[in-house]
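Please read the structure below before turning to the comments.
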Amino acid sequence: MTNITQRVDAALSSALNEKRIVGAVIAVMQDGELVHFKPYGLANREENKPMTEDAIFRLASISKPIVTAAAMRMIELGKFGLDTAVTDFLPDFKPKSPDGATPTITIRHLLTHTAGLSYDFLQPPEGPYNTIPVSAGIDGDFTMEDNLARMVQAGLTFPPGAMWLYSVAIDVLGAVMAKAEGTDVEGAVHKYVTGPLKMTDTSFFVTDASRLVQPYSNADPEPVAIGDNFKQPFVPGMAPINLGTSRAFNRNAFQGGGGCMNGKALDIVRFLDAIRAGGAPILSEATTKQMMSNQIGPLRILFDPTGNTAFGFGGSILLDPAASGSALSPGSWQWGGVWGHSWHVDPTRKLTIVNLTNTTLEGMVGQMVRDVQAAVAA
C-alpha cells in the first residue's frame, strides 16, 4: 500500500465515519501513472450496495471540461473560432442586455462564463431564470430549442465581457457545436473526445442503471436520498438547485453540455490527465495550455471570496492556493459537480485528482475535498 493510498484512506474513513458522505471513488494520477484508484462506502445505502470501481455517476458540471475540450478541438480544426459570434450558428439567440441592447456574444464569452448568462440557482426565486423558467440541465425535460428560447426571454444579467458569472453558457456552446457538426451534442463530444479516449461509460444517457449510484444530500444526522424534484440549497438568498434523478434516462430532454453527462472515475481522471500531459490524442499542447491558464484577465470567479481564483477554459485557475486553503500548486486547474464531485489538475506536480462521490455538497466543496488534496499533495 502506497503512502498516498494510506493518507487518502484516512481522509475517506473520516468522511464516512462522520457521515459526511455515503460513498465515493477516488482516482489519482501522478506523471501519467495511476497511483490511487479505489471505491469507498456504499453506492446505495438503502440497498446496502457497496461502491465499485466502475460505478457510474451523474457528472453535473464535470460535463463542462469534456464539452469544452471537444469545442477546443473544433476550434483547432477551424469549425469556428474563439471570437465567432454565437448567432453565426444560432441566429435567433439574441438575449438583450439590461440596457435593452442586443450585444454580440462570442464563443470566448461562452467558454469563460462572461457572456452575461446565468443559472436559476444564482438568482433569487423571483428572478427570470426561475419564473420563466430556464433549466440548468440537471432537471426537467425541455428541448434544446425551448431552453435556448427561454434564455433569450430571460435576457442577460450584464453585457458580455463585463464580469464572470457561472451560467448555462456551456449548454449554448453545446448547441453551437451540434449545429456546426451537423449532429447532436453527444455526437460531437464522442467524435472529438470520448471516442478517441475510449471513454466508453461517459455519455449523456445511462443505459446500465445497475451501475448508476444513488445520490444523497448532506443532512443531520446522516445524508438524505435524492429523488426527482429535489431542492438543494446552495447560495444563501438564491433559489435552490433543482436536481432530478430521472434526467439521466430522459432521451427527449436536451443534451446540456454544462451538466447532463454521466460517467465513471477512471474515464474522467484519464481525460483530465491527458489535458495536463499536453492533450494527445485529442488536442495540441498549445490548446491545453490555454485551457489551464487564466482567460478572464483581472476578473475573478464569484465562489472564492479571497479573490484568488480566475478561470481558464473548462475550469478555474488557482492563483494563490495558500490564501484559498488549498494544498495544491499555484496555477492548478480545477472544478467540480453539484452531485458531489471535485477534480484538480496540478501541472507543477504532474498530478491529477478526481473525487466522485454520491453526496452533495460535501463531495464538491466540503472538508473531504481539502483532506484528499492534502493527502495526495503531502
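Each reported figure results from applying straightforward, stated rules to the coordinates on display, with no laboratory input. Remember, it's a predicted structure, so these values are computed and weren't measured experimentally. Neighbour counts run over all protein chains shown; Cβ positions are idealised from the backbone, glycine included.
First obtain the Kirkwood hydrodynamic radius of the stretch 1-118 from its Cα pairs, then insert it into the Stokes-Einstein equation at 37 °C and 0.692 mPa s, and state the resulting D in µm² per second as a whole number. Mind showing how you got there, number by number?
On the way: Rh = 18.4 Å.
Diffusion coefficient, whole number: 179 µm²/s.
Spin-label model, Met163 to Thr102: label points 7 Å out along the Cα-to-beta-carbon direction sit 2.6 nm apart.
As a proxy for reagent exposure, ranking Thr200, Thr359 by other Cβ atoms within 10 Å from fewest up yields Thr200, Thr359.
So which of Lys64/Lys350; Lys64/Lys179; Lys64/Lys289; Lys64/Lys198; Lys49/Lys264 end up more than 20 Å apart by C-alpha? Distance filter (> 20 Å) returns Lys64/Lys350. Note on the chain: dipole from Cβ charges, positive end direction compared against Ala253, Phe37, Ala169; the farthest Cα belongs to Phe37.
Between the Cα long axis of helix 265-276 and the first principal axis of the chain there is an angle of about 60°, rounded to the nearest 10.
Note on Thr87 and Glu222: their simple-model spin labels are 5.6 nm apart, each label 7 Å out from Cα toward Cβ.
List the trypsin sites (Lys or Arg not before Pro) within the stretch 219-277 that DSSP assigns to loop and that have no more than 10 neighbouring Cβ atoms inside 10 Å.
Passing sites in the stretch 219-277 are Arg251.
Taking 8 Å as the Cα distance limit and 6 or more residues as the minimum spacing, I'd like the relative contact order of the chain as a percentage.
It comes to 24 percent, rounded to a whole number.
Where does the longest stretch of the chain lie that holds no GluC sites (Glu not before Pro) found in a DSSP loop with 15 or fewer other Cβ atoms within 10 Å?
Values: sites that count: Glu18, Glu46, Glu47, Glu53, Glu126.
Of all site-free stretches, the longest is 127-378.
Counting only alpha carbon atoms, the long axis of helix 3-17 and the longest principal axis of the chain meet at about 80°.
Spacing of the modelled spin labels on Asn250 and Ser13, each 7 Å from Cα toward Cβ, amounts to 4.2 nm. Per-residue 3J(HN,Hα) values for the stretch 368-375, derived from phi via the Karplus relation 6.51 cos²θ - 1.76 cosθ + 1.60 with θ = phi - 60°, read 4, 4, 5, 5, 5, 3, 5, 5 Hz in sequence order (x marks Gly and Pro).
The C-alpha atoms of the chain define a longest principal axis, and helix 169-181 lies at about 70 degrees to it.
Of the trypsin sites (Lys or Arg not before Pro) found in the stretch 49-149, those that fall in a DSSP loop while having at most 16 other beta-carbon atoms within 10 Å are Lys96.
So, with +1 on the Cβ of K and R and -1 on the Cβ of D and E, and no other charges, what is the size of the charge dipole of the chain about its Cα centre, to the nearest 20 debye?
440 debye
A cut-off of 5 Å between modelled amide H atoms, ignoring neighbours fewer than 5 places along the same chain, links Arg300 with Trp164.
Test of understanding: ordering Leu34, Leu165, Leu59 by Cβ neighbours within 10 Å, fewest first, what list do you get? Walk me through the numbers before you get to the answer.
Values: Leu34 14, Leu165 20, Leu59 27.
Lowest to highest Cβ neighbour count: Leu34, Leu165, Leu59.
Potential lengthening of the chain between Val152 and Lys94 amounts to 20.3 nm, from the contour at 0.36 nm per residue minus the alpha-carbon distance. Overall, the stretch 117-235 carries a charge dipole of about 360 debye about its Cα centre when +1 sits on the Cβ of Lys and Arg and -1 on the Cβ of Asp and Glu, all other atoms neutral.
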